[in-house]
Amino acid sequence: MKASLKSFNILLLILLPALITGGLLIFAGNLSDGLRLGFLSLPGVLFIYLAISRKKRYWLCFSLIWWFIFLLDSLLRSSTWFLFSSDNEAYFIIEAIANTNQQEIWEFLQLHRVAVIGVLTGLVLLIAFYSYAIYKVVKPEHFQQLWQSRLFRSLIIFLTLLCLTSHIMKPSRKVHPFVFWSDYQTKIQDFRGRIKQHKNVHKQWDVSAHKNLIQTRQSQGKQTHVLVVSESLTSLNLGVCGYSRDTTPELKKRLSEIKVFCNAFSPSPSTINALRVLLTESPAAEHDKYSPESVLAYARAAGYKIYWLSNQDDSYLSSLFGSYADQAIYKNKRSGRSSTSLDENLIPIYQQALADPAPKKLIILHLIGAHPNYQERYPVAFNKFTSDSNDLVETDLKNRNIDPWIRALRNDYDNAVLYEDSLLAKFLDTLQADHIPDFRSFTVVSDHGNEVGHEIDYAGHSPNTKAGYQVPVIMWSDRQRIAGVNNTKTLNTAELDNNLMHIMGLKDKSSSHQSYWQDDNYHFTPEANWPYWQNKS
């Protein structure tokens, strides 16, 4: 028993730098990256083994440098979590660094030199003390004893496999300090270039809007228009659109006043490409090119105050659209799948925007919606659909031999839809309660859909299946004459900008005559590569 405990203590001492490296980042708030970083740092244990077993000082020096790099990296990445509760790659941090010159960096270091020197000195002393302790306590025979124990041998093999896997898998490999900070520098440079480019794009938007804007009688008076841009929401999972699960009970209660189109299609299965088409005149086939026109610019030219209220952290969209708005607020400080920010965080700032006395307002809410990871998109109170549901959806997935993991993700996805349904109702109710404007409108569209076992045994963004493109469009306004659900009319969400301008009473004099979504004679005009999921080129 004593020998086993001693071996455990030896192993713990050997793994201590890796535990501190990953544990610090985990404690700061980044569980996934903390685990990855800890596993990626494990080669340092090999260097310690070589230094002790072969008694070579250069291996010891190599191990000390290795642990210094990883521990410093963990400290730097943890600092933004401790200071701002935010990922290093959050938009506001990238923006701040990109807009900082060398003189400001030098002034910052001078101002905080005591703290910087203290941290670096403490780190060096910690590693030096660890080096002394490891040489004092651990002997070559201890490694043999660890390997002879079946339990510890299994643990060593398991950790080795985790280390190798972390270096092989791209998402984990990107966390490695050498890769991460190299990519980070590239992101800073790209951001600086993008800011300059987007400023020129914004100037072109303004020129086009002032040149081509026509305001109709409908544009007169006080107006508030709300555009909700959801994320990864497919209409195939909406109860009001015929889905067998009641994922939209709140929207169902409001069908007498809202119009829901269930057969709308996004021109792209990814967020950036989709929004560039939805909010500008870029055709889907040229989503990588900047359009000289945007609905945001036409709104500004017509006297609107523009709000960009986002629960996503995307530096590209923030630079292109958020920076153009009169007021941009970001509630999510962590990007992508690792985000845990709920969309309800937008409610207070949405209420503040509605209370703004500006006579004309365009408020854009950019939700994180049902973006993977689905289980992070709703609170516990909305965990309604589980593997125990045993309903028609669960039965259908089982009959089609959909993997249990994908079935579990479908449940999480439907719970996220259920949660979003409640939020959309709150956003609409709050707008309707504001009786100050002469005219109000509410439009909801998703950037794209998501495949969650609909056609294939897969969950996530999907350029290969219909679910990756099919989205809902939900509309309400003071002057709306039609309501209910339409499952047959096919819409092209690339026309969002034109439809929103039509609602606001704005026209582009250079555009040809066109029909709008709520018109009886609306004509669906898809892009050249329709159906998108069959002709991805």
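Things to note:
- A count restricted to the range 365-380 and to residues that are surrounded by fewer than 17 Cβ atoms within 10 Å (Cβ to Cβ) and under 9 Å from residue 415 (Cβ atoms) stands at 1.
- Residue 207 being modelled with pLDDT of 95 or more and outside the structural domain of residue 475 (by TED's automatic domain parsing): yes
- Flag if residue 256 is at pLDDT 90 or above and surrounded by 16 or more Cβ atoms within 10 Å (Cβ to Cβ): no
- Scanning the range 495-522 for residues that are part of a helix (DSSP H, G or I), out of contact with any strand residue (DSSP E or B) (no Cβ under 9 Å at 6 or more places or on another chain) and farther than 20 Å from residue 438 by Cα gives a single hit, 495.
- Of residues in the range 139-170 being touching a residue at least 60 places away in the same chain (Cβ under 8 Å) and under 31 Å from the mean Cα position of the chain (by Cα), the one surrounded by the fewest Cβ atoms within 10 Å (Cβ to Cβ): 165
- Single residue of the range 385-399 satisfying the filter (without any contact (Cβ under 8 Å) to a residue 12 or more places away in the chain and assigned to a loop (DSSP other than H, G, I, E, B)) that is surrounded by the fewest Cβ atoms within 10 Å (Cβ to Cβ): 388
- Once the range 52-61 is narrowed to residues that are at pLDDT 85 or above and surrounded by 17 or more Cβ atoms within 10 Å (Cβ to Cβ), the residue that is farthest from residue 119 (Cα to Cα) is 52.
- Scanning the range 40-51 for residues that are within 32 Å of the chain's Cα centre (by Cα), part of a helix (DSSP H, G or I) and surrounded by fewer than 24 Cβ atoms within 10 Å (Cβ to Cβ) yields one hit, 43.
- Residue in the range 404-416 that is within 18 Å of residue 457 (Cα to Cα) and exposed (fewer than 15 other Cβ atoms within 10 Å of the Cβ) present: yes
- Looking only at the range 416-465, and only at residues there that are charged (D, E, K, R) and over 23 Å from the mean Cα position of the chain (by Cα), the one that is farthest from residue 231 (Cα to Cα): 438
- Being farther than 17 Å from residue 242 by Cα and hydrophobic (A, V, I, L, M, F, W, C) holds for only one residue in 467, 483, 433, and it is 433.
- The condition of being in a strand (DSSP E or B), modelled with pLDDT of 95 or more, surrounded by 15 or more Cβ atoms within 10 Å (Cβ to Cβ) and under 25 Å from the mean Cα position of the chain (by Cα) holds for only one of 471, 485, that being 471.
- Test: residue in the range 518-526 that is surrounded by 14 or more Cβ atoms within 10 Å (Cβ to Cβ) and either among the small types (Gly, Ala, Ser) or farther than 28 Å from residue 417 by Cβ (or both): no
- In the range 209-234, the residues that are touching a residue at least 24 places away in the same chain (Cβ under 8 Å) and closer than 24 Å to residue 366 by Cα reach residues that are among the aromatic types (Phe, Trp, Tyr) and surrounded by 17 or more Cβ atoms within 10 Å (Cβ to Cβ) with C-beta atoms within less than 7 angstrom, at least six apart or across chains, in these pairs: 209/298; 223/439; 226/427; 226/442; 228/427.
- Contact map, the range 510-537: residues that are in contact (Cβ under 8 Å) with a residue 12 or more places away in the chain paired with residues that are exposed (fewer than 13 other Cβ atoms within 10 Å of the Cβ) and part of a loop (DSSP other than H, G, I, E, B), Cβ distance under 6 Å, separation 6+ or inter-chain. Pairs shown: 529/535.
- The range 181-194 - residue that is in contact with an Asp or Glu (Cβ under 8 Å, 6 or more places away or on another chain) and surrounded by fewer than 18 Cβ atoms within 10 Å (Cβ to Cβ) and, of those, modelled with the lowest pLDDT: 187
- Some residue of the range 143-166 being assigned by TED's automatic domain parsing to the domain that holds residue 53, over 18 Å from residue 42 (Cα atoms) and charged (D, E, K, R): yes
- Residue match in the range 73-95 (condition: assigned to a helix (DSSP H, G or I), of a type in the set (Ser, Thr, Tyr), surrounded by 12 or more Cβ atoms within 10 Å (Cβ to Cβ) and modelled with pLDDT of 85 or more): yes
- Helices (runs of 4 or more DSSP H) contained in the range 247-364 and holding at least 2 residues within 15 Å of the chain's Cα centre (by Cα) and closer than 21 Å to residue 450 by Cα: 271-278
- If you go through the range 292-314 and keep only what is surrounded by fewer than 23 Cβ atoms within 10 Å (Cβ to Cβ) and at pLDDT below 90, you end up with just 314.
- Restricting 465, 525 to residues that are among the β-branched types (Val, Ile, Thr) and not assigned by TED's automatic domain parsing to the domain that holds residue 303 narrows the list to 525.
- Criterion (at negative phi and modelled with pLDDT of 90 or more) met by exactly one of 114, 124, 137, 175: 175
The values are calculated or read from the model by the stated rules, or taken from the named source; none is laboratory data. Just so you know, these numbers come straight off a predicted model, no measurement behind them. Ideal geometry is used to build each Cβ from the backbone, glycine not excepted, and the neighbour counts take in all protein chains shown.
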